[in-house]
Amino acid sequence: MSKEKTIKDKVLEYIYTISKQPILLKDLLVANRQHNDGMHVDPAKLGFRIRLIRAYQVYIGIVLAILVPISLLTHKPLAKIDPHISILGAMAITAAIFIGFNFFRDRMRDTMTKELIKRSWKLHFPFFSYEEYSSKINEIFEKAMREEVSKRDLEKYILENLSK
């Protein structure tokens, strides 16, 4: 079953270094809970790290792919207008580019987090689809934390509660 890699998958592989170590069950459950709550997950817990130079390269490529055609289309009309307007526009675009990188980096981190959670989910819970059971297992995990279930018994506790 060969899965064709999308552009997004290739970009993520290029930008991030991913550990070959499997994600521990408790780390997976904590990451899933944080991700479902809309929080950023610690990349070290999921075993990935950004390659900042490569992220800049990809972002610059995206920005150039957008700005070059726009510049070609608007160059002549802007050349006829007052240069002060062009300067203000250039300042606004420059600010947007620098601010946009932070959004790009956050979006890529969230995407990579979700991909690794799903990949690890298949390892720990092969018979339970992520989309269907992530919130239910999240509730069981929170209950296990309140009851102070040990790491050793956590998987057994979750599977027993799923079968009820």
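If you filter region 134-163 down to residues that are within 27 Å of the chain's Cα centre (by Cα) and of a type in the set (Asp, Glu), you find that the one that is most open to solvent (accessible area, probe 1.4 Å) is 139.
If you take just the helices (runs of 4 or more DSSP H) that sit entirely in region 21-117, which of them hold at least 2 residues that are charged (D, E, K, R)?
Working: elements: 25-36, 43-46, 52-80.
By residue number, 25-36, 52-80.
Yes/no matrix, rows are residues, columns are (1) more than 11 Å from the chain's Cα centre (by Cα); (2) open to solvent by 80 Å² or more (accessible area, probe 1.4 Å); (3) closer than 12 Å to residue 110 by Cβ:
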| site | (1), (2), (3) |
| --- | --- |
| 7 | yes, yes, no |
| 10 | yes, yes, no |
| 13 | yes, yes, no |
| 18 | yes, no, no |
| 21 | yes, yes, no |
| 26 | yes, no, no |
| 31 | yes, no, yes |
| 35 | no, no, yes |
| 47 | yes, no, no |
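Checking the condition of a type in the set (S, T, N, Q) and in contact with a helix residue (DSSP H, G or I) (Cβ under 8 Å, 6 or more places away or on another chain), which residue from 17, 113, 74 passes? Let's see the steps before the verdict.
Values: 17 fails: in contact with a helix residue (DSSP H, G or I) (Cβ under 8 Å, 6 or more places away or on another chain); 74 fails: in contact with a helix residue (DSSP H, G or I) (Cβ under 8 Å, 6 or more places away or on another chain).
Selected residue: 113, the only one of 17, 113, 74 that is of a type in the set (S, T, N, Q) and in contact with a helix residue (DSSP H, G or I) (Cβ under 8 Å, 6 or more places away or on another chain).
Just checking, how many residues over region 42-60 are in contact (Cβ under 8 Å) with a residue 12 or more places away in the chain and among the β-branched types (Val, Ile, Thr)? Summing the residues that are in contact (Cβ under 8 Å) with a residue 12 or more places away in the chain and among the β-branched types (Val, Ile, Thr) in region 42-60 gives 2.
Pairing residues of region 1-30 that are over 18 Å from residue 117 (Cα atoms) and touching a residue at least 12 places away in the same chain (Cβ under 8 Å) with residues that are surrounded by 13 or more Cβ atoms within 10 Å (Cβ to Cβ) and of a type in the set (D, E, K, R), at Cβ distances under 7 Å and at least 6 apart in sequence or on separate chains, gives 14/54.
Scanning region 64-96 for residues that are open to solvent by 90 Å² or more (accessible area, probe 1.4 Å) and either among the acidic types (Asp, Glu) or more than 24 Å from residue 11 (Cβ to Cβ) (or both) yields 72, 73, 75, 76, 80, 84, 85, 87, 88, 91. Number of residues in region 118-131 that are loosely packed, with under 10 Cβ neighbours inside 10 Å and assigned to a helix (DSSP H, G or I) equals 1. Tell me, please, whether a residue that is surrounded by 12 or more Cβ atoms within 10 Å (Cβ to Cβ) and modelled with pLDDT under 90 can be found in region 52-63. No: region 52-63 contains no residue that is surrounded by 12 or more Cβ atoms within 10 Å (Cβ to Cβ) and modelled with pLDDT under 90.
Of all residues in region 148-163, those being out of contact with any helix residue (DSSP H, G or I) (no Cβ under 8 Å at 6 or more places or on another chain) and among the basic types (Lys, Arg) number 2.
The values are calculated or read from the model by the stated rules, or taken from the named source; none is laboratory data. As the structure is a prediction and not an experimental result, all values here were calculated from the model. With ideal geometry, Cβ positions are generated from the backbone for all residues, glycine too; neighbour counts draw on all protein chains shown. Quick note on the areas: whole protein, heavy atoms, side chains included, nothing else; ligands and nucleic acids left out. Shrake-Rupley method; radii C 1.70, N 1.55, O 1.52, S 1.80 Å.
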